[in-house]
Amino acid sequence: WVVSAQVRGSPCGSPSLGGGACGGCLSLGGGSCGLGGVPCGCRVSGGPRGAGGWVQGLGGSLRAGGQRGPPRPRWYPDEEGPKHWSPSRYEHVMKLRQAALESARANWADYLLFLDADNVLINPDTLGLLMAENKTVVAPMLDSRAAYSNFWCGMTAQGYYRRTPAYLPIRKRERRGCFAVPMVHSTFLVDLRKEASRALAFYPPHPDYTWAFDDIIVFAFSCRQAEVQMFVCNREVYGFLPVPLRSHSTLRDEAESFLHVQLEIMVKHPPAEPSPHVWVPPKVPDKMGFDEVFMINLQRRADRRERMLRTLYEQEIACKLVEAVDGKAMNSSEVEALGIRMLPGYKDPYHGRPLTKGELGCFLSHYRVWQEIVARGLEKSVVFEDDLRFEIFFKRRLMNLMHDLEAAGLTWDLIYIGRKRMQVERPEKSVPRVRNLVEADYSYWTLGYVLSLRGARKLLAAEPLGKMLPVDEFLPVMFDKHPLADYTKHFTKRDLVAFSAEPLLVFPTHYTGEEGYVSDTETSVVWDDEATLTDWDRAKSQKMKEQQELRREAQNSDVLQSPLDSTARDEL
């Protein structure tokens with residue numbers, strides 16, 4: 001079989017040419033493979049550090065692939081930027097793909113795997129599974145951070161994408177199998193043993209072709225004319241791909257988009273390691289302009305700790321690991337020794353239950369971070385929990401937000417960067433002159449937030465240990481947005497100045513009820529009764545249902561947007 005790896009716009013030398021992608025020659029079924037051209041469709045030279053170095057490094061694992069395709073231009077005369085797909089760029093990519101196809105045929109290859117270099121295959125059985133389908137053209141469905149994938153379910157009479165009800169059930173794997181579709185792209189396998197495959201071509205387009213000058217549409221038309229049905233299979237998780245960026249995007253956007261693919265893989269899978277034959281620029285972590293970046297983690301949650309530390313490192317974010325207080329390990333005498341008393345009359349607003357030991361440990365973990373902020377005099381800090389996933393362009397967006405805050409001279413104590421919005425009847429107030437910021441209303445979760453020294457002092461001055469409630473109830477009390485007066489009356493000074501990023505910058509790795517969801521707060525024991533077990537999070541909680549019912553008129557639609565908000569496309 002033959003692999004054709006092409007960079008449709010990614011910086012050449014991308015780590016995607018590593019073990020998770022083109023390293024498929026070694027990791028996707030073993031044996032030797034032919035390389036049907038590793039030409040590059042972008043403007044940045046691969047050289048010994050990029051695709052060329054990868055090919056040389058694999059050495060004996062590869063057999064000669066024959067044709068190498070047309071020379072690579074450093075730019076295209078009709079392009080408007082590095083992400084603009086001009087006619088000459090499409091033509092160049094079509095010629096590359098055609099050269100790979102002809103090379104595979106000339107070498108009597110049985111199969112040809114087309115693989116965009118920013119697609120990351122993580123399933124070592126991918127090739128075997130695709131070959132077992134016995135289809136002329138078949139693609140493994142690739143996951144992304146959005147609805148986008150490498151197939152279409154509908155096509156207009158002019159060859160353009162058409163939304164259909166069939167798409168999302170396949171994309172979400174609500175329906176599993178191998179489905180006939182009018183388009184697959186980016187990563188797909190061609191069975192060259194099939195007689196019908198001889199009529200397939202990328203360039204020149206078919207004589208009857210009148211649709212858009214686009215390599216994937218040209219090939220789909222070629223399949224249609226040859227009466228070759230395309231298929232997409234979603235029975236397993238095969239790999240990931242980035243959501244395409246808009247034409248005004250930069251190469252920096254492209255690199256960060258591919259980085260985000262790696263972060264998304266780590267949510268539920270081991271990291272996609274770069275090939276040892278590809279040079280990867282060294283990471284230089286920093287604190288993003290903050291005085292400290294805290295990451296709270298339970299010692300017994302080693303898996304979360306390793307994933308979160310790797311995720312932060314890949315984004316070049318330096319952090320201080322904070323060992324969380326394990327509430328489940330605390331006995332009643334230890335709780336009493338700390339002077340902890342339940343807020344009189346506290347019951348969870350949705351479950352009607354008292355505080356759990358998990359919630360107690362969570363509060364104490366954040367409380368100790370606030371103490372350290374005050375003790376060290378840290379003017380601004382970021383606090384992360386260990387069960388979150390980052391939005392695309394996270395680091396740049398957060399740094400831009402803080403820059404805008406300072407430029408506007410805005411006074412602030414707390415800024416949520418991840419939360420569950422609980423007030424769902426009306427929109428929150430946007431902040432003039434500051435992009436992506438609203439005044440926070442009643443909210444849950446402490447996934448991630450920015451805290452000022454003044455804010456930490458206010459939280460400690462409230463002496464919350466003597467009137468304990470969950471930390472994500474305490475914070476809304478302190479900025480006077482909690483709806484229950486029975487709680488707020490115990491805190492006379494409620495002047496915390498709180499905002500929230502909009503859109504949010506971090507989200508949970510798992511939601512209540514999802515496969516893989518584990519709670520260290522809701523599934524626990526009652527704080528002062530070690531015999532009373534709790535299990536309130538096993539069904540989708542009312543908290544989640546409430547947040548999902550955000551009314552259209554309550555959307556924060558008037559917030560000032562930044563250019564990064566509209567950089568990426570979704571389904572297309």
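Please treat every number below as a calculation from the coordinates, not as lab data. Values in this document were obtained by computation on a predicted structure and should not be read as measured data. Cβ coordinates were reconstructed from backbone atoms using ideal geometry, including for glycine residues, and neighbour counts include every protein chain displayed.
For this structure, a couple of remarks:
- 10 Å binning of all Cα-Cα separations within the stretch 97-147, expressed as whole percents from 0 upward: 19, 48, 30, 4
- Were the residues from Glu379 through Trp75 laid out at 0.36 nm apart, the gain over their Cα-Cα distance would be 104.8 nm.
- Residues of the stretch 221-239 with an amide N closer than 17 Å to a point placed 7 Å from the Cα of Asp208 along the Cα-to-Cβ direction: 221-230.
- Gain on full extension, evaluated as 0.36 nm per residue between Val424 and Leu309 minus their Cα-Cα distance, stands at 38.0 nm.
- With a simple spin-label model that places each label point 7 Å from the Cα along the Cα-to-Cβ direction, the separation between Asp125 and Ala461 comes to 6.1 nm.
- Ranked list, fewest to most other Cβ atoms within 10 Å of each Cβ, for Ser557, Ser333: Ser333, Ser557
- Overall, the anisotropy analysis places the stretch 211-255 in the oblate class: the square-rooted eigenvalues a ≥ b ≥ c of its C-alpha gyration tensor yield a/c not less than 1.5, with a/b not exceeding b/c.
- 20 Å reach of a label modelled at Asn134, 7 Å along Cα-to-Cβ, counting backbone N of the stretch 82-122: 110-112
- FRET efficiency for the Lys194 to Arg235 pair, using the beta carbon distance and R₀ = 22 Å, is estimated at 0.55.
- 17 Å reach of a label modelled at His403, 7 Å along Cα-to-Cβ, counting backbone N of the stretch 433-453: 433-437
- Interchain or long-range residues, amide H under 5 Å from His482's placed H: Val477
- Integer Hz, Karplus 6.51/-1.76/1.60 couplings in order for the stretch 464-470, x for Gly and Pro: x, 5, x, 8, 6, 8, x
- Whole-Hz couplings from phi, Karplus 6.51/-1.76/1.60, listed for the stretch 229-246; x for Gly and Pro: 7, 8, 10, 10, 10, 10, 5, 10, 7, 9, x, 9, 9, x, 6, x, 8, 6
- Additional length obtainable on full extension of the chain from Arg163 to Asp565, 0.36 nm per residue less Cα span: 142.4 nm
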